[in-house]
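The values are calculated or read from the model by the stated rules, or taken from the named source; none is laboratory data. Nothing here was measured: the structure is a model prediction, and the numbers come from that model. For neighbour counting, all protein chains shown are included, and Cβ atoms are generated from backbone atoms with ideal geometry for every residue, glycine included. Each accessible area value is taken on the protein alone, full model and side chains, heavy atoms only, with ligands, DNA and RNA left out. Shrake-Rupley method; radii C 1.70, N 1.55, O 1.52, S 1.80 Å.
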Amino acid sequence: MILVTGGAGYIGSHCVIQLLEQGNDVVVFDSLEVGHIETIETLQNSFKQNFKGFVKGNLQNFEEINQVFKQYKIDAVVHFAAFSQVGESVENPQKYYFNNVYGSLNLFRAMLENSVKKIVFSSTAATYGEPVYTPIDEGHPQNPINPYGSSKLMIEKILDDYDKAYGLKSVRLRYFNVAGADSKSRIGEWHEPETHLIPNILKSTFSGGQTFKMFGTDYDTVDGTCVRDYINVEDLINAHLLALKYLNNGGETNYFNLGTTDGNSVKQVFTACEKVTQKQIPVDVQGRRAGDPATLVADNKKAKSVLNWTPEKTLEESVKTAYEWESVLQNRLNN
Ligand code: UDP
């Protein structure tokens, strides 16, 4: 049985679906502060057999997470539960360090007390900070420039020490910009408030949506807007399943970038959204958003060669599934 923390959230829920589709038994632990109970209900109803349970709890409470290990026979953990908004982490670092770092410490303690020694951890390109060179490989210096990135890097370091001391084996996956939704539109990105580019462009096309704000057109890039590496969420999750397989086969603690190596500018993403929605979308051009580096693109050779991972979906496919999901969500929210 696999324990997925944060399984009611955007990326975690896509992992739960793929694990279930491949016949794994899954239990989800989530505080529902960011995740949604509706997502859990969808997962439960779609996979009555293998969805073994949902536990609403907070990792900051050791007993709540320890209890899950007593109740279920867990073989491995995929750990998504975290707060992930950069701006909020600057304003309220305490929230990030308590939840992300202290919460993870409790999870690892519960794992060790219950002899569970395999974990796939959701890390981030934000651990690299301002890029010194691109594409960014795993050897790039890790100097995060905000508390969110620092909290994830601290957990990476803790995992290294816990392997040396206690034999806890981890795979840390450093995500670039995750995009798209379940290809059957059962689940998708659902943040309140939404800060990410693609859902914000798409939301603006629905009634009551706010005009899309484009942050910064004077960067030193192909067209003046920031360049990012958009990785499809289903491709991204596929790497988690390969990482679990890697650990099950006795793989050593390791870390990988998850990106496509393709950079797309905000304007290019915007054009893809206009193409997919077949709408002319109004834009409100604004100044730069604080803390945005000009270009963030992954070197993904390591994940390709060690995990045998190949991302397959294009940016347009991600935008298409994101749009289909956004239609489902808007329909649900307005009825
Ligand atoms: N962005 C934008 N308008 C928005 C949201 C994002 O112009 O409503 C820009 C943002 O400034 C950045 C890029 O889109 O250059 C990607 O931002 P996002 O928040 O999606 O991901 P991040 O790269 O910050 O993790």
| said: If I filter region 253-269 down to residues being buried (at least 21 other Cβ atoms within 10 Å of the Cβ) and within 16 Å of the ligand (Cβ to nearest atom), which single residue comes out as nearest to the chain's Cα centre (by Cα)? | reply: 258
| message | Restricting to region 273-294, count the residues that are in contact (Cβ under 8 Å) with a residue 60 or more places away in the chain and open to solvent by 40 Å² or more (accessible area, probe 1.4 Å). | response | 11
| query | So which residues in region 165-195 are in contact with a Ser or Thr (Cβ under 9 Å, 6 or more places away or on another chain) and over 21 Å from residue 231 (Cβ atoms), if there are any at all? | reply | 168, 169
| said: Between 68, 34, which is more than 21 Å from residue 233 (Cβ to Cβ), touching a residue at least 12 places away in the same chain (Cβ under 8 Å) and not basic (Lys, Arg)? | reply: 68
| field | Qualifying residue in region 294-315 (condition: more than 17 Å from residue 138 (Cβ to Cβ), outside any strand (DSSP E or B) and within 16 Å of the ligand (Cβ to nearest atom)) | value | yes
| query | Got a number for residues in region 251-273 being within 27 Å of residue 205 (Cβ to Cβ) and of a type in the set (Val, Ile, Thr)? | reply | 4
| query | Which of the residues belonging to region 108-147 are surrounded by 21 or more Cβ atoms within 10 Å (Cβ to Cβ) and more than 30 Å from residue 305 (Cβ to Cβ)? | reply | 110, 147
